[in-house]
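Structure first, then comments.
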Amino acid sequence: MNPKRARGFTLIEVMVVLVIVGLVATGIGVSLAALAGREADRAVERLRLVLEATAERAAVRGQPIAVDFLADGYRFSAFDTDGNWRALVDPPLFAERVLPADVRRRQLRIEGRDASDAPRLVFASAAPEFELVLDTPDGPVWLVGRATGAVDRRPEREAAP
């Protein structure tokens with residue numbers, strides 16, 4: 001053993017460790033960004049499917065169901081026999097949902113008229129025709145509802161004006 005030998009790490013060893021830590025941090029950052037994008041995509045697809053299910057349930061049961069769009073999500077109400085709207089609590093499908101922070105409702109048009117000020121979509125024996133525009137990290141997405149109850153998802157470049 002050489003008593004004069006210095007203890008510690010060489011500059012090269014420290015630099016290699018810093019490069020490895022930097023690569024791992026970059027990989028984690030990219031993974032988290034991809035997860036956020038997938039979360040927004042899943043939330044939009046869930047909304048599309050639940051709107052189709054709402055149209056089907058209202059038509060089959062003969063009970064009007066409303067979807068109220070809130071600032072950060074949406075909730076459901078059913079028209080009862082007393083002539084009042086009451087909260088529809090039928091988890092998991094008709095539970096109130098909060099949209100991810102990077103998904104926002106931009107516009108709602110029902111039967112060709114702007115309904116963004118009072119964003120309520122009512123499904124009865126016939127489904128309304130509507131266009132719901134959502135801002136997502138990948139750009140605007142249109143959910144277009146048909147009188148048949150089908151709801152199509154279209155990116156901006158394919159949406160009708």
Inset, instruction - Among residues belonging to segment 137-153 that are part of a loop (DSSP other than H, G, I, E, B) and among the charged types (D, E, K, R), point out the one that is nearest to the chain's Cα centre (by Cα). - result: Asp138
Legend entry - Which numbered condition Ala126 misses (of (1) touching a residue at least 40 places away in the same chain (Cβ under 8 Å); (2) touching a Gly at 6+ places or on another chain (Cβ under 9 Å); (3) closer than 16 Å to Val44 by Cβ): (3)
Legend entry - Conditions (1) of a type in the set (A, V, I, L, M); (2) exposed (fewer than 11 other Cβ atoms within 10 Å of the Cβ); (3) over 19 Å from Leu132 (Cβ atoms): number failed by Val89: (2)
Inset, instruction - Please state which of the following conditions Ile110 fails to meet, knowing it meets all the rest: (1) closer than 15 Å to Arg48 by Cα; (2) touching a strand residue (DSSP E or B) at 6+ places or on another chain (Cβ under 6 Å). - result: (1)
Legend entry - Glu39 vs. criteria part of a helix (DSSP H, G or I) and within 26 Å of Thr148 (Cβ to Cβ): no
Legend entry - Cβ-Cβ under 6 Å pairs, at least 6 apart or on other chains, segment 141-158 side over 14 Å from Glu111 (Cα atoms) and surrounded by fewer than 17 Cβ atoms within 10 Å (Cβ to Cβ), far side aromatic (Phe, Trp, Tyr) and modelled with pLDDT of 90 or more: Arg154/Trp142
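Every residue, every condition in (1) touching a helix residue (DSSP H, G or I) at 6+ places or on another chain (Cβ under 7 Å); (2) surrounded by fewer than 18 Cβ atoms within 10 Å (Cβ to Cβ); (3) among the β-branched types (Val, Ile, Thr); (4) free of Cβ contacts under 8 Å to residues at least 60 places away in the same chain, yes or no:
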| site | (1), (2), (3), (4) |
| --- | --- |
| Ala40 | no, no, no, no |
| Glu56 | no, yes, no, no |
| Gln63 | no, yes, no, yes |
| Ala71 | no, yes, no, yes |
| Asp102 | yes, yes, no, no |
Legend entry - Matching strands (runs of 3 or more DSSP E) fully within segment 49-102 where at least 1 residues are touching a Pro at 6+ places or on another chain (Cβ under 8 Å) and closer than 22 Å to Thr136 by Cβ: 65-69
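The values are calculated or read from the model by the stated rules, or taken from the named source; none is laboratory data. The structure presented is a predicted model; accordingly, all values stated were derived computationally and were not measured. Here the Cβ is made from the backbone with ideal geometry for all residues, glycine too, and neighbour counts use every protein chain on show.
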